[in-house]
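*Asks:* I'd like to ask some things about the structure below.
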Amino acid sequence: MLGATGVIVGLLIWGVSYFAGLALIVSSPLVSGIAIVLITTLLGLLAGGVITFRPDHNAVIMPAKDASATGKWVVVAHPTTSAEAQSAEDYLRRVDEETFAQTLG
């Protein structure tokens, strides 16, 4: 989604620059357009990666991968309310307190 936003922002930047008469843009519109859109698209994709990077997930993902690799079952809950989260946590802790893990949110 942010990659597409980067494309749109790049096109807007290029359009404003072109119609403002910037010599660098007007002298080579195709090359400058490609360069601007490419850079803003990459920045959008990088922003998306930064937003979705969740280091707190490693506390859950790594033990889950290890358990799955050794043939154990892994239960993942995605509650939508705090009451559901508390209910799932209470139940899973009763089942196996030792290997219970959760993320921040």
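*Asks:* Would you mind working out the magnitude of the charge dipole of the chain relative to its Cα centre, with +1 at each Lys and Arg C-beta and -1 at each Asp and Glu C-beta, to the nearest 20 Debye?
*Replies:* Magnitude of the dipole: close to 420 debye.
*Asks:* Additional query: Can you give the charge dipole size of the range 55-95 about its Cα centre, rounded to the nearest 20 debye, using +1 on the beta carbon of Lys and Arg and -1 on the beta carbon of Asp and Glu?
*Replies:* Rounded to the nearest 20 debye, it is 180 debye.
*Asks:* Label points 7 Å out from Cα along the Cβ direction at V31 and E89: separation in nm?
*Replies:* Simple spin-label model gives 5.9 nm for this pair.
*Asks:* GluC sites (Glu not before Pro), restricted to the range 67-98: which are DSSP loop and have at most 12 other Cβ atoms within 10 Å?
*Replies:* Of the GluC sites (Glu not before Pro), the ones in loops of the range 67-98 whose Cβ has at most 12 other Cβ atoms within 10 Å are E97, E98.
*Asks:* Just to check I understand the Karplus step: with θ = phi - 60° and J = 6.51 cos²θ - 1.76 cosθ + 1.60, what whole-Hz values come out for the range 82-93, glycine and proline as x?
*Replies:* Going residue by residue, I get 5, 5, 4, 4, 5, 5, 5, 5, 4, 5, 5, 5 Hz, with x marking Gly and Pro.
FYI, it's all coordinate maths here, none of it is from the lab. Since the structure is predicted, the reported quantities are computational estimates derived from the model, not experimental observations. No Cβ is skipped: glycine too gets one built from the backbone with ideal geometry, and neighbour counts run over all protein chains shown.
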